[in-house]
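Enquirer: I have a structure here, written as C-alpha cells, and I will follow up with some questions on it.
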Amino acid sequence: MSELSGYKNESLKILNNAGISIGDLIKITTKTTEYSGNLLPRYEYSEENYIVIKLSNGYNIGIDAKNITNIQKIMGGEKPKFIPPEKPNVKESLPKIAILGTGGTIASRIDYKTGAVNPAFSAEELYSIIPELSSYANINTELISNIASEQMNPEDWTNIAKKVIEKINEGNQGIIIGHGTDTMAYTSAALSFALENCPIPVIITGAQRSTDRPSSDASLNMISSVIMASKRVLNGVYLAMHSSIEDNEVSIHSGTRVRKNHTSKRDAFQSIGIDPIAIVNQDKVTIGEEYIKNNNQFNPKIKFEENVSLLKFHPGFNSEIIDKIIELDAKGIILEGTGLGHVNSRCNKSIKKAIDNGMFVGMTSQCLQGRIKMTVYSAGRDLLNIGVIPLEDMLPETALVKLMWAYGNYENKEIKNIMLNNIAREYTERSILGR
Amino acid sequence: MDKKNYELKVGLEIHQQLASSTKLFCNCNGFNNNGNEVYFKRILRPTQSELGKTDPAALFESKKSKRMNYIADTNTSCLVEADEEPPHEISQEALDIALTISYLLGAEPVDEIHVMRKLVIDGSNTTGFQRTVIISTGGELHVQDLTIPVLSISLEEDASRIINKNREESTYSLDRLSIPLIEITLAPMKFKKEETEKIALTLGRLMRTTGKVARGIGTIRQDVNISIDGKNIIEVKGVQQLDILTDIIEFENQRQSNLIKIKEELIERGVKEDNFNIRSAEITNIFNNTNSKLIKKVIENNGKVIAIKAPKFRGLIGKEDHKGTRLGRDISSLVKFFGFGGIFHSDELPNYGITEDECKKVTNKLENDDDDGFIILTGNTENMDVAVKSIENRLLQCTIGIPAETRMPTEDGMTNFMRPRPGSARMYPETDIIPVKIYEEKRTAIKKSLPRSYEEQIDNYKNNIGLNDKLSVQIFDSKYKTLFEKLIKKVNVPANYIAAQLTETMINLSRNKIDITKITDIELEKIFKEIESGVIAKESFEKIIEDMCQNNKKIDEIINEMKENKLTDEDIEKIILKIIDMKKEIIKEKGNDSFSILMGEAMKQLRGKVDGKIVSDKIQKLLNN
C-alpha cells in the first residue's frame, strides 16, 4: 500500500504538496467551513477528487478537492499497535484438527482507525476470537491461498486436495476448510470426487455475514464444524453452514448434494433431494439416517479438466453456442435442460455433432429437485437416441464438476461409466416421499 | 474547593425519528405494524479490535457473547432488519429531511457522506452495530437571547425496542429498528438548568416545521452531556420526558461536585494516584457464622466474600449531600453491570446483620488504619475478579476526578452507571454502502423549498386559517400536523373543527386508554370526507374512532352501514313533524322560545345520524310553516 493509497490526480497533488500521508492529523479549510481529522485511504473504486478524513468523533467524511482553499498537517498519525494474544492451554488429548484458509476471512480484527479488516488466522488468534474452540480440539492452521470464492478455478481444487492429503498424512483427525460461499458448493463437490473414500471428516465452511461484524455467522459455523470433526463419527467431504437464520444449529451437508440457494441469508445452503447428513446444535451432534460409513480404501485422484461446459437451456437458446463449444475442443457438455430433461429440437443437430466428435453430453434438470426421465416425451427420446446421457438426479453443478474430474483422471472411453457410477453420493437411489 | 474552576456545562443531543415513508436502509415502513410475527434467536460476539488498552468494564462488555431473541413484524421488517440481506442505498427522503433541518440551523452539509458502523453489542441492533452518518457540521440554534452552536447533524438508524432483558438474554422487537433518526449535537454550554427544556422545545419545533418528523412516545429522545470539570463528560442516555431533564442535570451537578469534594479530601489526606494502596482479600472465613442472611446464602451456594481496601476513604463512601449522590451508590451500580446485586461499604456498617466484630476482622485482614474504608463484594460468579478490579479502579479514579461514563436516567431524576463511555474508536466504515455525494443541484433545490419558521406557521394558522391560539399550537405540535394541512385544502369542513378533532378529541380518546395509534391518516381522511358529504355527522367523529379501535371495525364497513341507514330529508322531516305534533301545546304557549325544547327532543333521536345544523334548519322551516 502506498503512502497515499487510493488518491489520484488533483487530490493526490494537494496531499503531496502539503507533505501529508495516511493517518496524519490534518486541517482542511474549504470555501464554507473547516474540518480537522486524520487522513484515511481512499477506496480504489471511488471518484478521484475527494479527500476522506476521520473526524475526532469517529465519523468519516469526504471533502471535494475543488472546495479546498487550504490544507495543512497538524501532526503525524500513530500506527495502531496490535498485541497478539497468548495461546491458551489446550489439552493434548483433544483431537488434532487442521484448519485451512483459502480466502475470505474466518476471523478478523478491525483497525478502527482506518476501518481495515485484517484477517486473523494463526491458531492463537482463532482461539482468542473463538475461545470455544479450545474445549474441542487442538487446532493447527494454514493459509493455503487468498482468493475470493468467485476467482477460484479447478486448479485451486487440486491444490486444496493436495493440502488435505498432506494434512491427513500429518495425523490430523479432521480438516476444516474456510471458503468464500459463492463457489463453496462447487469446491465441496470437487473434493468429494478428488478425495474418494476420504478416511477422516473434511468440512468446508464459511460465512454469509462478514467476520467484521458482531452478528457474523462465521463463529458458529466454525465451532460447529470443529465439533463435528472432533467427534470422530463420520468421514468424507461435507459442507457446514447455518440450518436457519438463527444462531443455534448448523447443518452438515453432503458435499455433492448441496447448493447455495439464496444470495444473502445465513441458511442459504440447502441439501437437495436428501436431508443434511448431520446436525450440530450447540455441542450436540445428531447423525441423520442418510449417513453411510464408508470403509473403502482412500483413493485420491486430484486432477480436473477445465475444458468442460455447463449449458443452461432456455427458450430462444441459440444452438450455435454448442457449435462454438465444439470448436473450442471442449471435452464434454452438461446440459441443464427443462423438466424431465428436454431442450428445443433445433439444438439436436449440434448436440449430435458434439457426441459424434466423441464428447460426453449429459443431461441434468434446471428444476434442481427431482430426477431426469427422458423416455416420457418424444423430445427426451430423440435426445436419448442421439446419445445424450441422463444423469438421474445429479445437481447440474455437481455434474459439471464430476465431468471435469472424470476427464482429469480417466481415459475417454471410461468417462460414461464413471459418470454413471455413484462415487460420492452424487445420485440418490430413491426419490424419498415427503421431501 | 475553589468553586470558580467548576462550572456546569450541558450539551444536548436530540434524537428525533423522521416520518419518512421507508426505513433508512430498506423499503419497509416502520410505522405500519400489522403483518405476521416472526421470531428468531441470535448470538452477538464482540469483534476484535486492533487497539490494545481497555478499561476492565469495557473489556468485560466486549467479551460477553450475548443471546438475543428478536420479534419481527413482516410489515415493518424485512431481511435487512434481520441482518439477512445487505443494506440498500440510504433513503433519499430521509437524507432530504436531514438536509432541510441542516439548512434551517445554518449547518453546512459535507461534500460526501460516509455511512459508519458504531459498535453496539447489547443486541438492540441485529448487526451488532448502529449505522450512522454525519450529514452536516456547524450552524446555530437561537433560543431567545441564547445562541447555541451546533456541532454536528447526523442521520442514524433507530435501535430495536427492548421487550425484556435479563443477565443471559434480551428480547427485542424490530419494528423500530432502522427508522431514520436525526441526531443533533449541540455544543456544551454554560447556562441555567431551566433553559434546557426551552432549548429542547425550540429545537423540537424547528424540526417539526418540516412536517416530516414522527410524533408520539419514544419518537424524540434526548441524551444529555453533563460536565462540571470541563474535561470528563457524563453522557445520560435516552431521557424521554423533558420535565425530568432539569432534575437529572441537578443530580449530576451534585454527584459530580461530590466526586470533586472526595478527590480534594483525598488529596488533603495524602492519597494520590501514584501512592494509592490497592489491595483486596478473600474474607469468606470471617463470615462462616454470620447473621447476615445475604452473606449466609452466598456462602451456602459456594460463593465468596471479598473485601477491597478503600485507602483513606473513611466517611467518603457514604457521604451524601444530595439525595442519591453518594459514592457507595455509584459503586453499587457499577457492580450491577457485572451481574452482582450490590455491595456493602464501611460507612454503612455494622448493619444488615454484619456485626462490629466482623467489621473489625475485615479491617485487620486489610491492615486498615482508622481512616481507611472498605467495600465488600459477595457472589459466586466467574465475573468476581473483573468486578473486584473495577471497584479498585473506581476507587483509584476518585483520586483523579470524575470518570467519563454513559449513565442512564432513573424515573425519579437520578442516574445510574450504564457502561464506560465508548470512544470514537468504536466507529468504522460501513463497507456495504458506497459514499454518497451531495451535489450542488440538490443543495440548491433544498434551500429553495425550506419550510416557514414555527412563528410564521403559527401566524398562518391563526390569521389565514382561523384557528385560535391554543388550537394553532396544539395542531402544530401534534402528529397530525401534515394531515391537517392536507385536509384543509382537500375537504370542505371548517378548519377549526378538523383541528379540534385531531387534537382535543384524539387526546381525550387516548386518555381514556383507547389505542388510537391504530388509526391511519388514510382512515382519518376518509372520515372527514364523509363528514363533508354528510354521510357522517360531525358529532359522530369520536364514536367512530372508538368503534374502530375497540371493536376492530373497518372504516369502510362503518361508512357503508351509515350510508345504508342514512335518513332521507323526508325521514328527518317526519320525525320532526311528529315532535312538533307532540309538543304543540308548548309551542302555542311559548312560540319561538320553544325552539330549544324541540331541538333537544329532535337531537335525542337524531344525534350521530344527522348533522345538528341540518336538524335546526329543518325545525325552523317546519315551525314557520
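The values are calculated or read from the model by the stated rules, or taken from the named source; none is laboratory data. Quick caveat, the model's predicted, so the values are computed rather than measured. Cβ placement follows ideal geometry from the backbone for every residue including glycine, while neighbour counts extend to all protein chains displayed.
Enquirer: For residues in segment B:122-154 being on the phi > 0 side of the Ramachandran plot and within 13 Å of chain A (Cβ to nearest Cβ), which is surrounded by the fewest Cβ atoms within 10 Å (Cβ to Cβ)?
Expert: If we take residues in segment B:122-154 being on the phi > 0 side of the Ramachandran plot and within 13 Å of chain A (Cβ to nearest Cβ), then B:Gly138 is surrounded by the fewest Cβ atoms within 10 Å (Cβ to Cβ).
Enquirer: Of all residues in segment A:236-271, how many are part of a loop (DSSP other than H, G, I, E, B) and either within 13 Å of another protein chain (Cβ to nearest Cβ) or surrounded by fewer than 19 Cβ atoms within 10 Å (Cβ to Cβ) (or both)?
Expert: The number of residues fulfilling the criteria is 14.
Enquirer: Sort out for me the helices (runs of 4 or more DSSP H) sitting completely within segment B:428-522 that have 1 or more residues that are in contact with a Cys (Cβ under 6 Å, 6 or more places away or on another chain) and in contact (Cβ under 8 Å) with a residue 12 or more places away in the chain.
Expert: none
Enquirer: Further question: Taking the conditions exactly as written (at pLDDT below 90, more than 10 Å from chain A (Cβ to nearest Cβ) and outside any strand (DSSP E or B)), does B:Gly30 satisfy them or not?
Expert: In short, yes.
Enquirer: Show the residue pairs that are 6+ apart or on different chains and have beta-carbon atoms under 8 Å apart, the first residue being within segment B:292-313 and over 12 Å from B:Ile278 (Cα atoms) and touching a residue at least 60 places away in the same chain (Cβ under 8 Å), the second being of a type in the set (S, T, N, Q) and surrounded by 23 or more Cβ atoms within 10 Å (Cβ to Cβ).
Expert: B:Leu294/B:Thr378; B:Ile295/B:Thr378; B:Val298/B:Thr378; B:Gly303/B:Thr378; B:Lys304/B:Thr378; B:Val305/B:Thr378; B:Ile306/B:Thr378; B:Phe313/B:Ser346
Enquirer: Name the residue that is surrounded by the most Cβ atoms within 10 Å (Cβ to Cβ), counting only residues in segment A:59-71 that are within 7 Å of another protein chain (Cβ to nearest Cβ) and touching a residue at least 12 places away in the same chain (Cβ under 8 Å).
Expert: Checking each candidate, the answer is A:Ile61.
Enquirer: A:Ala399 versus (1) in a helix (DSSP H, G or I); (2) over 25 Å from A:Asp156 (Cα atoms); (3) in contact with a strand residue (DSSP E or B) (Cβ under 7 Å, 6 or more places away or on another chain); (4) of a type in the set (Gly, Ala, Ser): which is the lone unmet condition?
Expert: In the conditions (1) in a helix (DSSP H, G or I); (2) over 25 Å from A:Asp156 (Cα atoms); (3) in contact with a strand residue (DSSP E or B) (Cβ under 7 Å, 6 or more places away or on another chain); (4) of a type in the set (Gly, Ala, Ser), A:Ala399 misses (2) alone.
Enquirer: Answer yes or no as to whether A:Ala424 is part of a helix (DSSP H, G or I), touching a residue at least 24 places away in the same chain (Cβ under 8 Å) and among the aliphatic types (A, V, I, L, M). Give the steps one after another, and end with the answer.
Expert: Values: part of a helix (DSSP H, G or I): no; touching a residue at least 24 places away in the same chain (Cβ under 8 Å): yes; among the aliphatic types (A, V, I, L, M): yes.
In short, no.
Enquirer: Among the candidates A:Ser345, A:Ser350, A:Ser431, which residue alone is modelled with pLDDT under 95, small (Gly, Ala, Ser) and more than 27 Å from the chain's Cα centre (by Cα)? Before you say what the answer is, go through the steps one by one.
Expert: On the way: A:Ser345 fails: modelled with pLDDT under 95; A:Ser350 fails: modelled with pLDDT under 95.
After applying the criteria, what remains is A:Ser431.
Enquirer: For the structure I just gave you, tell me whether A:Gly316 is assigned to a loop (DSSP other than H, G, I, E, B), away from chain B (no Cβ under 14 Å) and either surrounded by 14 or more Cβ atoms within 10 Å (Cβ to Cβ) or among the hydrophobic types (A, V, I, L, M, F, W, C) (or both).
Expert: no
Enquirer: A follow-up question, please. Could you list all residues from segment B:383-401 that are at pLDDT below 90 and part of a loop (DSSP other than H, G, I, E, B)?
Expert: B:Asn383, B:Ile400, B:Gly401
Enquirer: Tell me which residues, restricted to segment A:272-290, are buried (at least 18 other Cβ atoms within 10 Å of the Cβ) and not in a strand (DSSP E or B).
Expert: Hits for segment A:272-290 are A:Ile272, A:Gly273, A:Ile274, A:Pro276, A:Ile277.
Enquirer: So, in segment A:206-230, of the ones that are part of a helix (DSSP H, G or I) and within 8 Å of chain B (Cβ to nearest Cβ), which residue ends up modelled with the highest pLDDT?
Expert: Only one residue tops the list, namely A:Leu220.
Enquirer: Does B:Ile184 satisfy the criteria of being among the hydrophobic types (A, V, I, L, M, F, W, C), under 18 Å from the mean Cα position of the chain (by Cα) and either assigned by TED's automatic domain parsing to the domain that holds B:Asp122 or not in a strand (DSSP E or B) (or both)?
Expert: Yes, satisfied.
Enquirer: Any idea which residue in segment B:245-283 is farthest from B:Gly413 (Cα to Cα), counting only those that are β-branched (Val, Ile, Thr) and touching an Asp or Glu at 6+ places or on another chain (Cβ under 8 Å)?
Expert: Among them, the one singled out is B:Ile278.
Enquirer: Further, regarding this structure: Taking segment B:487-511 as the region of interest, how many residues are within 16 Å of B:Gly466 (Cβ to Cβ) and either among the hydroxyl-bearing types (Ser, Thr, Tyr) or not assigned by TED's automatic domain parsing to the domain that holds B:Ser472 (or both)?
Expert: Residues that pass the stated criteria total 2.
For (1) charged (D, E, K, R); (2) part of a loop (DSSP other than H, G, I, E, B); (3) touching a helix residue (DSSP H, G or I) at 6+ places or on another chain (Cβ under 7 Å), each residue gets a yes or a no:
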residue	(1), (2), (3)
B:Asn289	no, yes, no
B:Lys296	yes, no, no
B:Ile299	no, no, yes
B:His322	no, yes, yes
B:Leu334	no, no, yes
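Enquirer: Does segment B:545-569 hold any residues that are among the acidic types (Asp, Glu), at pLDDT below 85 and exposed (fewer than 11 other Cβ atoms within 10 Å of the Cβ), and which are they?
Expert: If the condition is that a residue be among the acidic types (Asp, Glu), at pLDDT below 85 and exposed (fewer than 11 other Cβ atoms within 10 Å of the Cβ), then B:Glu564, B:Asp569 are the ones that fit.
Enquirer: Further question on the same structure: Could you check, for segment B:193-205, whether at least one of its residues is in a loop (DSSP other than H, G, I, E, B) and assigned by TED's automatic domain parsing to the domain that holds B:Glu85?
Expert: Going through segment B:193-205, the residues in a loop (DSSP other than H, G, I, E, B) turn out to be B:193-194.
Checking which are assigned by TED's automatic domain parsing to the domain that holds B:Glu85 leaves us with B:193-194.
Checking segment B:193-205: at least one residue is in a loop (DSSP other than H, G, I, E, B) and assigned by TED's automatic domain parsing to the domain that holds B:Glu85.
Enquirer: So which residues in segment B:366-380 are touching a Phe, Trp or Tyr at 6+ places or on another chain (Cβ under 9 Å) and either among the acidic types (Asp, Glu) or touching a residue at least 60 places away in the same chain (Cβ under 8 Å) (or both), if there are any at all?
Expert: Those that are touching a Phe, Trp or Tyr at 6+ places or on another chain (Cβ under 9 Å) and either among the acidic types (Asp, Glu) or touching a residue at least 60 places away in the same chain (Cβ under 8 Å) (or both): B:Leu366, B:Asp371, B:Asp372, B:Gly373, B:Phe374, B:Ile375, B:Ile376, B:Leu377, B:Thr378, B:Gly379.
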